Structure formats: structure tokens, C-alpha cells
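Notes for the one structure printed next.
No lab work stands behind these numbers, since they all come straight from the coordinates. Quick caveat, the model's predicted, so the values are computed rather than measured. When we count neighbours, we look across all protein chains shown, and the Cβ atoms used for this are built from the backbone with ideal geometry, even at glycine.
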Amino acid sequence: MNPAAPTIPDATAKPAHAARSGFPVEKGMLRIGDVPLTRLAQRVGSTPFYAYDRALLSARVAHLRALLPREIELHYSIKANPMPALVQWMAQLVDGFDVASGGELTTALDTPMPARHITFAGPGKSAAELRRAVAAGILVHVESAREADAVAAIGAELDIAPRVSLRLNPAFELKSSGMRMGGGAKPFGVDAESAPALLEALAAKGVQVQGLQIFCGSQSLDGAAIMDAQSRSFELAMTLAREASLDLHCLNIGGAFGIPYFPGDRALDIAPIGEHLRQWLPRLREALPAARVVMELGRYLVGEAGIYVARVVERKVSRGQVFLVVDGGLHHHLAASGNFGQVLRKNYPVTVVPQQPRAGEIEHEVVTVVGPLCTPLDVLAAQMRLPRAEPGDFVVVFQSGAYGLSASPVAFLGHPSPAEVLV
Ligand SMILES: *Cc1c(COP(=O)(O)O)cnc(C)c1O
């Protein structure tokens, strides 16, 4: 098992139980946290459900630690998967958390993670969120002049020196990323060219900016593009720190590491990125001696450690096409239905697990897996070659540990929420 380089289960592979992911298959049965899937379903007590594997989470962090320089601090971005038990587990694995709302701040503060290792990014932070953040003593990534003013005023009122970092919207972009969050006109951060004036205004109010954050994008499988963005981020931070005489304690260069979802996607090779960072460190240490270098990752840490499991309710044939109607769908897993940022709908890796072991060769067929919602958007797999499934069997969607439940319209059509388990 190598969770670092999982192979996407291939719908054309035979038998599909050999479909590989980071999850082991023993005697034809998928295991999550070393529990056979059918047994886990009994333990959960209902379908659909999400299951996350602690061992895979730990292995993923260990893999990164082994390949990145020791000096690089790893933060977990809670928005990728805010399940409280999972966040608790991550607290002992990573060096810090990044939160993006007051709700996530509550989740983070409930864990053993010290407040000083929690950061808060996101546009439009409310006055109430900023007040809580300053009172908690976390590092606030300020993203506008309004936020800067509010944080300074709250600090003065509460007699607390607020811990402030400035989030920059750089002039450059992260090429070939799934979602761009920097470069050009963006609602995130402060345009790099406006940063000197804002830093001056903050200094005049007695607020010391301790950090810079540059987050360019998300879901990139292009190592060269990531390294290019990192180099540009370092250059930008060093220039700004020099010109504004900043005493930087924290330089957050974002993350962007993606995971493979679709046929043809290749897992990111971390080793060259680690080597590239290792080459940068002496220069950074010289220019910014007090700065810790932080990477914040969400999807890469948790995405491959989770599955979504639904049960087949009905096997339906319409004009020669087989539909597996399952008890879960886009209301639980919007991303797998292709409606969360995909331009062209593609199938997530999916397999079928029979509720009872079957003797002999398993027949395969091309099916479309749909949910119970009364909309043609509710498709979990279109025209995929899967082992033949009967009502009661399980359909498993891999690569479901990130942007799954919390990124889905659970209230849509009023079905119950799925369970979530950490195994
Ligand atoms: C969403 C987000 C992340 C995490 O992105 P992933 O693609 O899940 O790694 C990190 N930092 C910030 C500021 C974010 O908004």
C-alpha cells in the first residue's frame, strides 16, 4: 500500500475489486481503517455514509514530512474537511490549522492545537469573527483595508496586540491549477502593489504585521507550475519585507497540491518540490531570519483518505441502459456529481462492493449510477463499467475525503444527512 501514489480505480479493470486506491483490498473486500466495508456499514448502521481512514491521513502527512525540508511547517486547511473528529486527529499530525470562518475557528479551538498555530483567511470576515479571532490570539490574515482597520480597533479596545498577517493577491498566477485564487483581479487578499500603503497605515496604528500569506490556487497536479509560483512568492515576500522593513515571523506560501481524480490524472511528485524548497531555504534564512515557512494544504492531506458509500435501491433498465439508483447523490457529494467546479462532467473513481461475497466470476456491465433526487444532475457515475450490482449492494466513491459533505447542498430535496465516520 502506498498512499502517496494511489492508482485511480479503473472502471475497465477486471475484476473491479482489484480497483486500487490507498485502501487495501483483502480477499476481495475493501477495507477502511482495517475494517471490511460490509462490516463497517453494519457498524455505522445506515447508508449513505462517508468514511475516513486515520492511517491514511497519518501516512499522507508522514509522506510529505519525508520529502519536504524539515523547516517547512504544514498547516491543515479545515475547509477541505471540517468533521470535528478528523480535525482532532489532524491536530496531532500537523503544525497548525487554517480556518476560513468563525465556525471553523470554533472547531479548531476545540482541538489541542495551540491558538498561536491557528490562522484565519477568507474575504469578508465579519466584525464578530475578527473580534473572536483577536481574542483567541490566532494569526489573522488581513485581506483588505477594512479588515486591517477593524483588527486595529479591536486590538485597541480589548488591549490585545492583534497578531496580523497580510494576505497578498500577487500579480502572477498559478498556471494550470484547478481553481485560481491569485493573480489579476481577485476578491482574495490585497493586491501586492497596494500592500506597501496598507502596511504603512497599519504601522501608524501600532499594528505590527508579522506575516505574509500568498495563496495562488488549488488542485494543481503540475509540479513545475507550483515551484514557479513558490519562487515568485518568495521573491515577492522578500521584496516587500525589505521595502516595508517587516520583521516577518511567518511566511505562508499556500499549497495548491492537487490529487488525481480522473483517468489520465497523474499524482503529484512531491520530491522535486521538496528539493526546490531546500534550495530556497538558505536565501530565505538570510533575508527573513525570523520567518517560519508555512504551507497550508487541505485536499492533498485528506482527499484520498475518504470514501462515500451509498446502497443500491434499485436496478433499472431504460431503453437498454442500466441505471443503478442509490440512496445517496449530489445532495451529499456535489463534487462527485460534477457540479462543484467541473467544466465537463467526469466520473470520480467508483467501485461496487456486494453486500454478500459472490462465488465465481463477477459479471461486469456498463451502468449509470444516479441518486434519488428528481433532477438529471444527480449522477454519481455516468456510463461506467462496474461489477454487476443488485439492490442492497454498495457503491463506493473514492477520492471523497475533501470537499465532500461540507461542500454539498444537504438540504436539497429534504433527504436525511449521511453519517460520517473516522475509522
Ligand atoms: C481553500 C484554501 C486552502 C486549501 O486549499 P486546498 O486546495 O484544499 O489545499 C488553503 N488556503 C486558503 C487560503 C484557502 O482558501
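Only beta bridges with both residues in the chain are counted; by DSSP, about 45 percent of them are antiparallel. Spin-label model, Asp191 to Asp95: label points 7 Å out along the Cα-to-beta-carbon direction sit 3.3 nm apart. With N as its number of residues, the chain has a Cα radius of gyration that, divided by 2.2 N^0.38 Å, comes to 1.04. Taking label positions 7 Å along the Cα-Cβ direction at both Ser126 and Ala287, the computed distance is 3.9 nm, reported to one decimal. For q values of 0.13, 0.18, 0.21, 0.28 Å⁻¹, compute log₁₀ I(q)/I(0) with the Debye formula on a Cα-only model of the range 223-283, without solvent. Result of the Debye calculation: -0.44, -0.72, -0.89, -1.27. Look at the Cα gyration tensor of the range 287-365: its axes a ≥ b ≥ c give a/c of at least 1.5 with a/b over b/c, and that counts as prolate. Only Lys, Arg, Asp and Glu carry charge here, each on its Cβ (+1 for the first two, -1 for the last two); on that basis the range 82-297 has a dipole of about 100 debye about its Cα centre.
Just report the Cα centroid separation between the range 224-263 and the range 101-123, whole Å. Here the answer is 22 Å between Cα centres.
Stretching Ala411 away from Arg39 to a fully extended chain increases their span by 131.1 nm, per 0.36 nm per residue minus the current alpha-carbon distance. Which whole DSSP H helices in the chain pass both tests: a Cα extent of 27 Å or more along the axis and a mean Kyte-Doolittle value no lower than -0.5? Span-like helices here: 223-243. How many nm is it between the label spots at Gln208 and Cys374, if each spot is 7 Å from the Cα in line with the beta carbon? Label-label distance for Gln208 and Cys374, simple model: 6.2 nm.
For Ser58 and Arg388, the FRET efficiency from 1/(1 + (r/R0)^6), where r spans their Cβ atoms and R0 equals 41 Å, is about 0.70.
At a Förster radius of 22 Å, what calculated FRET efficiency corresponds to the Cβ-Cβ distance of Ala153 and His249, to the nearest 0.05? Calculated transfer efficiency: 0.45. If you keep only loop residues by DSSP, which trypsin sites (Lys or Arg not before Pro) in the range 30-127 have at most 15 other Cβ atoms within 10 Å of their Cβ? Here the trypsin sites (Lys or Arg not before Pro) that fit, given the DSSP loop and packing criteria, are Arg70.
A quarter of the convex hull surface defined by the alpha-carbon atoms of the range 82-297 gives 11.9 nm² as the mean projection. With both residues required to sit in the range 254-370, DSSP beta bridges show an antiparallel share near 60%.
Bridge orientation summary for the range 82-297: considering DSSP beta bridges with both residues in this region, about 10 percent are antiparallel.
For the chain, the dipole from Cβ point charges (+1 on Lys and Arg, -1 on Asp and Glu) about the Cα centre works out to 780 debye, to the nearest 20.
Cβ-Cβ distance of Arg116 and Ala145, R₀ of 22 Å, FRET efficiency by 1/(1 + (r/R0)^6): the value works out to about 0.30.
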